1. Which one is farthest from the chain's Cα centre (by Cα), of the residues in the range A:26-45 that are open to solvent by 40 Å² or more (accessible area, probe 1.4 Å) and within 12 Å of chain B (Cβ to nearest Cβ)?
2. Could you grab me the full set of residues in the range A:155-177 that are over 21 Å from B:LEU158 (Cβ atoms) and touching a strand residue (DSSP E or B) at 6+ places or on another chain (Cβ under 6 Å)?
3. Checking the structure you have, find out if any residue of the range B:88-103 is open to solvent by less than 20 Å² (accessible area, probe 1.4 Å), closer than 26 Å to B:GLY209 by Cα and out of contact with any Phe, Trp or Tyr (no Cβ under 7 Å at 6 or more places or on another chain).
4. Is it the case that A:THR53 is in contact (Cβ under 8 Å) with a residue 40 or more places away in the chain and surrounded by fewer than 19 Cβ atoms within 10 Å (Cβ to Cβ)?
5. Checking B:PRO119 against (1) touching a Gly at 6+ places or on another chain (Cβ under 7 Å); (2) more than 7 Å from chain A (Cβ to nearest Cβ), which single condition isn't satisfied?
6. Looking at A:ASP86 and the list (1) farther than 11 Å from A:ALA12 by Cβ; (2) of a type in the set (D, E, K, R); (3) modelled with pLDDT of 95 or more, which single condition is not satisfied?
7. Out of all the residues in the range A:218-229, is one or more surrounded by 20 or more Cβ atoms within 10 Å (Cβ to Cβ) and touching a Ser or Thr at 6+ places or on another chain (Cβ under 7 Å)?
8. Please verify whether B:PRO179 is more than 11 Å from chain A (Cβ to nearest Cβ), modelled with pLDDT under 95 and open to solvent by 30 Å² or more (accessible area, probe 1.4 Å), treating the condition exactly as stated.
There are 2 protein chains.
Amino acid sequence: MSDTPKGWVVIAGLGPGAESMVIPEVQDVLAEATDVVGYIPYVKRIPPRAGLTLHASDNRVEVDRATQALEMAAAGQRVVVVSSGDPGVFAMASAVFEALEEGAKTQPAWLNLEIRVLPGITAMLAAAAAIGAPLGHDFAAINLSDNLKPWELIERRLQLVGEAGLAMAFYNPRSKSRPHQFERALEVLRAACGDDTLISFARDVTKPGQEILTVPLRDARPEMADMRTVVIVGNRDTRRVGSYVYTPRFAPGHQPGHQPAHHPAANTATKDA
Amino acid sequence: MSDTPKGWVVIAGLGPGAESMVIPEVQDVLAEATDVVGYIPYVKRIPPRAGLTLHASDNRVEVDRATQALEMAAAGQRVVVVSSGDPGVFAMASAVFEALEEGAKTQPAWLNLEIRVLPGITAMLAAAAAIGAPLGHDFAAINLSDNLKPWELIERRLQLVGEAGLAMAFYNPRSKSRPHQFERALEVLRAACGDDTLISFARDVTKPGQEILTVPLRDARPEMADMRTVVIVGNRDTRRVGSYVYTPRFAPGHQPGHQPAHHPAANTATKDA
């Protein structure tokens, strides 16, 4: 009964880069949008059309961008906030909810806004697919940037998660502003996971020029990673077969011998069970 | 120069259930396939067509199914192995590489087969999107089934990862054959993460009848989960805003006060940086 049309915010994942990895539901919601908000290179991926306003902003302004999206939705606009990968993994979804929590203190009506998150193929899973199946057993996703947490906490997490025997995928492994930290991370990982554990560097995944490099932790060097690289460390049982790297579904030490394909235990498995 | 046409195996993720969440690249490869292999309910999702043979098999035969796919590819067929979610997350990709490693002992030519993994929206990320953004900070993915690892190792992982302060997503939380284990997992989580930490139960995500329930760990009951449920435990800073649950991008304890949207630190963030 209000004069204001019903606005909404959808936070949508554009996947790792290839257009063939964007889910159809994201395309559908983009077709209904009046506004697209996001970091410049992601907004560039959206084809312009009549009735759609593109709002590209620089990086490091996630909460400003999220607030702008909520303001427009409150005014009745249909806003898509675009993220690369999956918006819920080190990306815009949490920033929108942070902005919502803050903004609702002065505009409580924001709590009734329709907000929806649409998942995407996150870089870690695209990288894992390009490598083989290094995340085929328990794993952790860790952001190595110390912008949002103290470096000491990152080191502690690498130690504990390594001790737990999980594979790990790292976002933001290395930047110019903190060149020594990734070198230190490799030291911590060697101590926690062993020198022989395989580490893979996946750069520009699904994009032209994609590069994949796998070495034992012993031979890993900091310059193998930059901010366009997803780094995946396996567990102690991660191995090569042909040109692929994979982690068996079995826990290291729990594999009942190396099994012929028809051994029954080899077939009691996975989420299909 | 061989008489045998060039076969291949693609291990493809069908996402959590909704057809609108299958990436176009998976549809493209299905259009080129001669054979589809997989667990019955996933193969049922593939529309039949002339020239395509559907091979549906029961669960718990992952390695047999993978071996069959490799045999067909070696004979020149174009085989898609379908998984739900992402094939690299507790699914068929590792099973195919296990079968490859085993089979190559007697048929070394298998190592030259073209094998490709295509990612999908894994249940954990679809569940997180439906809940809000509970995995917006560091997190772990853990399979709670003890088919492939000893239960003691699962408990130890929950303790260490909880101590590290990561959120956690659980696959296969509870089954009829091991009803007491999830109850024990909740006890371990309460001790490691605190009674107030939020836990979400997402059942039949993206499917008709999707249900989402969030409670503090104190109030969590084993019967809130079954094998169709993805369970997500937040970290100590995971919170509610409106009808959503999210984890701030900041580490608990590192958030420099609750920030106005224009505080510079609130904007130094995420993988967009």
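The values are calculated or read from the model by the stated rules, or taken from the named source; none is laboratory data. Keep in mind it's a predicted model, so treat the numbers as computed, not measured. Glycine also receives a Cβ, built like all others from the backbone with ideal geometry; neighbour counts cover every protein chain displayed. The protein model used for the area step is the full one, side chains on, heavy atoms only, and it has no ligands, DNA or RNA in it. Shrake-Rupley method; radii C 1.70, N 1.55, O 1.52, S 1.80 Å.
1. The residue in question is A:ASP28.
2. Answer for the range A:155-177, where residues must be over 21 Å from B:LEU158 (Cβ atoms) and touching a strand residue (DSSP E or B) at 6+ places or on another chain (Cβ under 6 Å): A:PHE170, A:TYR171, A:ASN172, A:PRO173.
3. Taking every residue of the range B:88-103 in turn, at least one turns out to be open to solvent by less than 20 Å² (accessible area, probe 1.4 Å), closer than 26 Å to B:GLY209 by Cα and out of contact with any Phe, Trp or Tyr (no Cβ under 7 Å at 6 or more places or on another chain).
4. Against the criterion (in contact (Cβ under 8 Å) with a residue 40 or more places away in the chain and surrounded by fewer than 19 Cβ atoms within 10 Å (Cβ to Cβ)), A:THR53 does not qualify.
5. (2)
6. Just one mismatch for A:ASP86, condition (1).
7. no
8. For B:PRO179, the condition - more than 11 Å from chain A (Cβ to nearest Cβ), modelled with pLDDT under 95 and open to solvent by 30 Å² or more (accessible area, probe 1.4 Å) - is met.
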